[in-house]
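What follows is a set of notes on a single structure, which appears directly below.
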Amino acid sequence: MIRIGIVGCAGRMGRMLVAEVLDGEGLALAGGTERPGGDAVGRDIGELVGRGPLGIAVGDDPRVLFDLSDVVIDFTAPVAVARHAVLAAEAGKAYVVGTTGLEPGQEEILRQAATRAAVVWAPNMSVGVNLLFALVEQVARRLDPASFDIEIVEMHHRHKVDAPSGTALGLGRAAARGRGVALADVWQKSRDGITGPRKAGDIGFATLRGGDVVGDHTVVFAGTGERIELTHKASSRQVFAQGAMRAARWVAGREPGLYSMADVLDL
Ligand code: NAD
């Protein structure tokens, strides 16, 4: 049995992750936390996800959860990741992170933690998007930047707090890798006003927010007289939760290191 802890267990992804653990063969729910003072703290986790009482209350102390778990899964917020990563390192426990929008300093804390704990970190845990990362890199490698412009368009639900999405940035990194450049040297994360003409080699982003869209991403390679568009649409959060379970099973018992979904899915 792999004991799984879910930090942020009352969130949109958190609830789905709890349900996947309960349904997963060979998986046991070690517990879940929410931020101190949160409405869900003290409630029965089973009832929280509509499954009837489990006799496990939502906690607010992640240190206790790390002690009880073999793997902790985190779909919360960047500040929480910085705290949880330190706990993973101290406890030497495997840690799966899907949270997006990390600042460079928070990323560095996660990288440091991965020297003492096995960490899977992925802005998108779906099989389809991880395949798309590989396709985008391949297409970008083949198309000359002087002839083809790369633009990345994403849409998410109205509650999403970071932009562009972690997945859009991941697609940008894949395109930049294909072209042999660093994304930060060529990205245009938004445009407004008199921007002047587009610079060859730039990778542009456009962000749409609204409704209940789970996650749509399109990478456009626009040339003169033709364009290629590669699109992925997620219609259920379950694909992310199922990907997180694959990551948890894969990372349990591994040596410390920073791993990606490409490692988990052997892409
Ligand atoms: P959400 O706001 O519904 O859920 C986040 C939960 O984390 C909330 O319940 C919040 O109270 C809790 N939380 C915040 N700080 C906490 C702390 N210190 N301790 C414990 N709990 C804490 O958001 P969501 O839609 O579930 O998304 C969460 C994150 O996952 C976002 O960064 C999102 O971009 C990312 N995400 C990643 C993937 C992926 O495949 N990698 C897929 C979907 C969402």
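The values are calculated or read from the model by the stated rules, or taken from the named source; none is laboratory data. Since the model is a prediction, treat every value here as computed from it, not as a measurement. FYI the Cβ positions are ideal-geometry reconstructions off the backbone, even for glycines, and counts take in every protein chain you see. Accessible surface areas use protein heavy atoms only, side chains included; no ligands, DNA or RNA. Shrake-Rupley method; radii C 1.70, N 1.55, O 1.52, S 1.80 Å.
For segment 8-18, taking the residues that are out of contact with any Lys or Arg (no Cβ under 7 Å at 6 or more places or on another chain) and not in a loop (DSSP other than H, G, I, E, B), the one that is surrounded by the most Cβ atoms within 10 Å (Cβ to Cβ) is identified as Leu17.
Regarding Ala28, is this residue more than 12 Å from the ligand (Cβ to nearest atom) and in contact with a Lys or Arg (Cβ under 8 Å, 6 or more places away or on another chain)? Answer is yes for this residue. Checked against (1) more than 24 Å from Arg254 (Cα to Cα); (2) surrounded by fewer than 23 Cβ atoms within 10 Å (Cβ to Cβ); (3) within 13 Å of the ligand (Cβ to nearest atom), Thr167 passes all but condition (2). Scanning segment 122-144 for residues that are open to solvent by 50 Å² or more (accessible area, probe 1.4 Å) and not in a helix (DSSP H, G or I) returns a single hit, Asp144. For segment 218-244, a residue qualifies if it is under 13 Å from Glu154 (Cα atoms) and under 14 Å from the mean Cα position of the chain (by Cα), and exactly one does: Ala234. Scanning segment 69-90 for residues that are away from the ligand (no atom under 13 Å from the Cβ) and crowded, with 18+ Cβ neighbours inside 10 Å, we see that the one that is farthest from Ile6 (Cα to Cα) is Ala89. I want to confirm something. Restricting to segment 50-65 and keeping residues that are in contact with a helix residue (DSSP H, G or I) (Cβ under 7 Å, 6 or more places away or on another chain) and touching a residue at least 40 places away in the same chain (Cβ under 8 Å), which single residue is farthest from Glu90 (Cα to Cα)? Only one residue tops the list, namely Val58.
Considering every residue within segment 229-248, establish whether at least one is open to solvent by less than 80 Å² (accessible area, probe 1.4 Å), at negative phi and touching a Lys or Arg at 6+ places or on another chain (Cβ under 6 Å). Among the residues of segment 229-248, not one is open to solvent by less than 80 Å² (accessible area, probe 1.4 Å), at negative phi and touching a Lys or Arg at 6+ places or on another chain (Cβ under 6 Å), which makes the answer no.
Among the residues of segment 196-228, those identified as among the polar types (S, T, N, Q) and either surrounded by fewer than 17 Cβ atoms within 10 Å (Cβ to Cβ) or touching a Leu at 6+ places or on another chain (Cβ under 9 Å) (or both) are Thr218, Thr224. Of all residue pairs spaced 6 or more apart or on separate chains, those with beta-carbon atoms under 6 Å, a first member in segment 128-149 that is under 13 Å from Ser260 (Cβ atoms) and a second member that is at pLDDT below 95 and not in a helix (DSSP H, G or I) are Asn130/Leu267; Ala134/Leu267. Taking the stated definitions as given, is Gly46 surrounded by fewer than 23 Cβ atoms within 10 Å (Cβ to Cβ) and away from the ligand (no atom under 12 Å from the Cβ)? Taking the combined requirement at face value, the residue satisfies it.
Examine segment 18-25 for a residue that is more than 18 Å from Met245 (Cα to Cα), at pLDDT 95 or above and not charged (D, E, K, R), and state whether such a residue exists. No; the residues of segment 18-25 include none that is more than 18 Å from Met245 (Cα to Cα), at pLDDT 95 or above and not charged (D, E, K, R). Just one of the listed residues (Gly38, Gly5) is buried (at least 23 other Cβ atoms within 10 Å of the Cβ) and more than 25 Å from Ser235 (Cα to Cα), namely Gly5.
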